[in-house]
Structure formats: C-alpha cells, structure tokens
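Okay, structure first, notes after.
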Amino acid sequence: MAYPVTLLQLLVISGQLGEAEGLVAWYAAWQVAAADVDKLKKRKLVSPTSEKYHKLGKGLKFALQKAKLVTDLTQEMIVKGTWKSQTFKEYNFNALGQPPAGGHLHPLLKVR
C-alpha cells in the first residue's frame, strides 16, 4: 500500500513552487511505498495528518430574527385561531423537576 505524500508543503517551504499545472500532475503521480513511510515515521521525519472540511449553509428553518416560541395554549388563541400559525416550545417530559425545598431531617440522620 502506498501513501500519498504532501509534496506541496515541502515545495512551499523550500521556495521551489513552480507552475501549478506541472505541480499537480507531478504530485498525482508521486507516491511513496509503505515501508519507506514507516521508516520515516520511526525517525519522526513525517507525521500523519488529516484535514476535515465542513460546509455551512442556510437550513430549512433559517430566519434573520429568532422567533419567540409560545409555551402555553390559551383560550384566546383557540377562539381567534392564532394557534395554527404559532410555533410552540417542545416539552421535556423526561425532566426530573425541582427538588422539594421544605421538610425536616429524620432525628437519626442528625446523629451521624
């Protein structure tokens, strides 16, 4: 198995960057054997790198202003029919809620 070598980085550093067409053709044809790459890795002359690219764009719910979500359905919304065009906040039924603030400790728990 052969690993493609980033020759472009070497040429930019050394200042020998020539014409783009010849460089692309030479870079595409130049590959190094896996044994040679392993030897260079042991001597810490090369290190494997990976590059990730992300493309950002406008999604389906894109808006210039953030819309305020409605939390409660009121009688006024039902009568006027405005509930049809509103966006409602999703409820989290798995939430534990707030712990109770009141109560007393059991007398045996105070002894600890």
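Every read-out reported here was derived from the displayed coordinates using simple, explicitly stated rules and does not represent laboratory data. Predicted model, so just to flag it, every value in this text is computed and none were measured. Note that each Cβ is placed from the backbone with ideal geometry, even for glycine, and that neighbours are counted across all protein chains shown.
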Applying the Karplus parametrisation 6.51 cos²θ - 1.76 cosθ + 1.60 with θ = phi - 60° to the phi angles of region 54-71, what ³J(HN,Hα) value in whole Hz is obtained for each residue in order, glycine and proline being reported as x? 10, 10, 9, x, 6, x, 5, 9, 5, 8, 6, 10, 6, 7, 7, 7, 8, 9
Inter-site label distance for Q75 and F93 at 7 Å from Cα along Cβ, in nm: 2.7
Sequence-distant lysines (8 or more away, or on other chains) whose Cα lies within less than 27 Å of K58: K66, K68, K84, K89
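Rank by packing, highest mean first: peptides 51-61, 85-95, with packing defined as the count of other Cβ atoms within 10 Å averaged across residues.
On the way: 51-61: 5.1, 85-95: 7.9.
So the peptides 51-61, 85-95, ranked by packing, come out 85-95, 51-61.
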Expected vector for region 88-95, Karplus 3J(HN,Hα) from phi with 6.51, -1.76, 1.60 and θ = phi - 60°, integer Hz, x for Gly and Pro, equals 9, 6, 6, 8, 9, 7, 8, 5
Which whole-angstrom value gives the distance between the alpha carbon centres of region 98-112 and region 41-74? 46
